1. Sort through Leu40, Leu62 and tell me the only one that's at pLDDT 90 or above and not acidic (Asp, Glu).
2. If Glu133 meets every condition in (1) in contact with a helix residue (DSSP H, G or I) (Cβ under 8 Å, 6 or more places away or on another chain); (2) at pLDDT below 90; (3) charged (D, E, K, R) apart from one, which number is that one?
3. Looking at (1) loosely packed, with under 15 Cβ neighbours inside 10 Å; (2) modelled with pLDDT under 90; (3) outside any loop (DSSP other than H, G, I, E, B), can you tell me which one Thr212 breaks?
Amino acid sequence: MVFCRSTLKSSRRQLGLTLIELLIAITVLAVVAVLGWRGLDSIVRSRIALTAEMERTRGIQLAFAQMQQDCANIISANLVSSHSPIVAEQRRLVLIRKVYTENQPVRLQVVSYRVRDGVLYRRESTPTRDLAELDVAWLVNDESASRQEVALEAGVSSIAVRFWASNATAWQTVDINAPQMEPAASTTRGAITTLTGLELSLQLEGASNKMTKVFLLGPV
């Protein structure tokens, strides 16, 4: 009878866990939970970074699409004798484009692009058929222009421009990020009258490579 009670108590003790075994089990579960949390956190962070990068790329593509539309409607070199169709000067890319509106005659518009404080801006003047008004829109200063600018994309550190002329054998580079020069000097340096192609490169903050797009000037 004593033997049976001892055996029963022993079997009962074997069915339970000791304190050390319980601590080991809790430790293992804690390690697994930490590893799982770190893996999930890494996935969430990667997803957030990927979403932000996709939004950034989409914004640049929309900016390029706007530039492509402007370049496709650029005027011919002999249409306005007082200005070149496109000029890179004073940290800006300036062009004159045609504006087509239903039930309206074709009008001209000055469009400019520039990077200021890490943001790519676009500005357009009021479409007009008056060449005097077009001259005023071309010569408008940066202070007044900044009030009418539209921000296209943030996180842009610099903009690089290269031109291709009809009789050229290589791209012609214009340093649009150089310190501001006198208007006459910058116009002489940056203007190209026989322009047929434009290469625009945007350097994004934190990116090693530039985003580059080549545009044909005028209708294809």
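The values are calculated or read from the model by the stated rules, or taken from the named source; none is laboratory data. The model shown is predicted, which means the values in this text are computed figures rather than measured ones. So basically every Cβ, Gly included, is an ideal-geometry build from the backbone, and we count neighbours across all protein chains shown.
1. On inspection, the qualifying residue turns out to be Leu62.
2. With respect to (1) in contact with a helix residue (DSSP H, G or I) (Cβ under 8 Å, 6 or more places away or on another chain); (2) at pLDDT below 90; (3) charged (D, E, K, R), Glu133 is out only on (1).
3. All conditions pass for Thr212, except number (2).
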